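Below is one structure, written out as structure tokens; the observations come after it.
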Amino acid sequence: MRSGYCLAVCLLLACSGGSTTASTDTLVDTLSGEVLDNGALDAGQDVSTLPDALTDATVVDVSTEETQEEDIADTTSLDSASDVVIDPLQTKGGVIIDSEHLATWSQLEVQLYLNTWAPGAISAYGVSIYRLFYTTQSPLGLFTIGSSLAVFPDSPLPTEPTVAVSWNHGTTGTADKCSVSTYGANNALYGVVYAGHGYAVVLPDYPGLGTPGPHPYMVRDATAVSVVDGVRALRSLGAEIGYPVSERVFSLGHSQGGHAVISAHSFFEGPYGDDLDYLGGVAFAPGGEFLDVIQDYVTSTVVPSAFLAMMYNAWLTDRGVPISLLFKPPYDDYMPQWVEQFCLVELAGMLPFTRSELYHPEAITAMETGFTSMPEMAAIIADNTPPVETTETPLLVLHGASDTVVPVEVSHGIFARSCGLEAPMELQIEPGLDHTTIVGSTMLLQAKQWMDARVEGLPWQPSDCPSD
């Protein structure tokens with residue numbers, strides 16, 4: 001480990017003009033690029049000017065162009081907030097701040113681990129597991145710290161650089177303690193599965209999980225940028241440890257991670273990912289089609305959803321809109337605190353039993369009608385419901401027909417949306433599988449075979465869109 005994480009945070013604060021005594025969780029309240037006391041770097045700052053302790057890793061494709069300032073003089077109403085657009089950083093993230101080797105497991109140790117946690121999965125190699133900290137974009141467009149696990153095959157060096165995989169996890173919560181990488185090597189299951197077959201894998205935590213600042217739960221742009229940045233950090237680490245990682249990359253993810261995959265699809269293809277060769281994405285039971293999901297939720301008999309409450313909190317916070325727009329007292333005060341303290345199961349147990357206790361009557365009415373009475377809120381939700389633009393790279397969506405957490409209709413809606421954008425997509429509905437078993441060893445192997453075919457350049461056939 002090159003330097004302690006706490007030291008890295010202090011150095012970030014020191015070099016950015018922030019106070020080391022200020023809370024690193026203070027929300028950024030501007031898009032101007034000004035450095036505030038959230039531990040962020042100026043988005044336009046050339047990282048090559050930072051102290052060596054922050055830049056002794058390989059720096060991948062860092063531009064020094066300044067990010068354009070955004071005018072958000074009034075974000076207290078939906079009218080103004082709905083016009084706020086966060087442009088992707090022109091100065092790209094993924095620069096390693098710190099790394100730590102956690103474990104090396106032999107092929108036998110990997111197989112014993114998989115026998116317990118992914119029965120039926122077979123590993124060809126041992127693995128080496130690391131934890132990474134690197135630069136990425138905060139929800140408000142500033143550099144902040146991202147974290148992840150990284151898993152490499154423990155095998156003889158291949159003749160060509162190893163293909164990269166980004167595995168994006170499902171919902172754990174939005175508090176720092178919900179970070180997957182915090183709990184070390186044993187949480188690297190999906191990375192171990194694919195590294196055991198020769199891929200190099202990064203498992204990002206998403207911004208604000210275990211690192212400074214809020215977690216932008218289901219916020220499309222901030223999530224997408226962090227996925228791409230994690231791959232850059234993986235490649236930099238590979239260069240450091242002498243295990244070269246190719247610019248060729250796949251993104252995979254489950255549930256919230258499926259939303260991340262589809263969100264990042266256009267970012268990998270576009271200017272932000274132009275230093276990478278994106279081969280495709282696999283989304284397992286992805287979150288999405290939020291307006292339809294919300295309407296189904298409010299017309300059902302279930303108690304208030306923690307997933308939905310976290311999304312509302314993140315979407316409104318991302319746009320600078322007071323959450324009191326939807327949440328009733330005292331929950332408009334409680335939610336910002338709870339999401340920083342509790343993980344999913346804990347939060348679910350703290351919400352009131354009825355929606356009428358949690359949300360304003362007019363908010364419930366808006367939810368029932370797809371927010372037609374709150375068009376600005378509908379626009380915010382639409383902005384975070386991918387896909388929102390045409391893409392060309394292969395995308396496979398796998399969904400269990402028996403899923404009761406993310407209904408299969410969500411993936412049907414994503415497919416219809418893709419067809420409308422003329423963005424090719426392959427949809428496979430798996431009979432008898434639910435939200436958990438869709439990421440069982442059989443489906444993980446199916447995704448691996450799909451990736452192998454893309455690496456080999458075999459033809460890909462998207463699902464046929466319905467004719468007009």
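The values are calculated or read from the model by the stated rules, or taken from the named source; none is laboratory data. Keep in mind it's a predicted model, so treat the numbers as computed, not measured. Note that each Cβ is placed from the backbone with ideal geometry, even for glycine, and that neighbours are counted across all protein chains shown.
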note = In segment 414-468, residues that are over 25 Å from the mean Cα position of the chain (by Cα) and in contact (Cβ under 8 Å) with a residue 12 or more places away in the chain total 7
request  = Kindly indicate the residue of segment 426-461 that is of a type in the set (D, E, K, R) and out of contact with any helix residue (DSSP H, G or I) (no Cβ under 8 Å at 6 or more places or on another chain) and also surrounded by the fewest Cβ atoms within 10 Å (Cβ to Cβ) among those meeting that condition.
outcome  = 456
request  = All but one of (1) at pLDDT 95 or above; (2) under 27 Å from residue 299 (Cα atoms); (3) in contact with a Gly (Cβ under 9 Å, 6 or more places away or on another chain) hold for residue 378, so report the exception by its number.
outcome  = (1)
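Would you say residue 278 is farther than 16 Å from residue 388 by Cα and either free of Cβ contacts under 8 Å to residues at least 40 places away in the same chain or outside the structural domain of residue 215 (by TED's automatic domain parsing) (or both)? Give the derivation first.
On the way: farther than 16 Å from residue 388 by Cα: yes; either free of Cβ contacts under 8 Å to residues at least 40 places away in the same chain or outside the structural domain of residue 215 (by TED's automatic domain parsing) (or both): no.
Answer is no for this residue.
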inquiry  = Looking at segment 193-215 only, could you name the residues that are at pLDDT 90 or above, in contact with a strand residue (DSSP E or B) (Cβ under 7 Å, 6 or more places away or on another chain) and surrounded by fewer than 24 Cβ atoms within 10 Å (Cβ to Cβ)?
reply    = 198
inquiry  = Residue under question is residue 190, and the condition is that it be surrounded by 22 or more Cβ atoms within 10 Å (Cβ to Cβ) and either over 14 Å from the mean Cα position of the chain (by Cα) or assigned by TED's automatic domain parsing to the domain that holds residue 101 (or both); does it hold?
reply    = yes
inquiry  = Checking the conditions here, which among 229, 205, 221 is more than 23 Å from residue 406 (Cβ to Cβ), within 12 Å of the chain's Cα centre (by Cα) and of a type in the set (Asp, Glu)?
reply    = 229
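Quick grid of which residues meet (1) in the same structural domain as residue 91 (by TED's automatic domain parsing); (2) over 20 Å from residue 397 (Cα atoms):
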residue	(1), (2)
184	yes, yes
201	yes, no
211	yes, yes
236	yes, yes
296	no, yes
remark   = Filtering segment 390-432 down to residues that are at pLDDT 95 or above, part of a loop (DSSP other than H, G, I, E, B) and within 22 Å of residue 269 (Cα to Cα) yields 393, 394, 425
ask   = In segment 140-162, which residue that is touching a residue at least 40 places away in the same chain (Cβ under 8 Å) and either in a loop (DSSP other than H, G, I, E, B) or of a type in the set (Lys, Arg) (or both) is farthest from residue 236 (Cα to Cα)?
value = 140
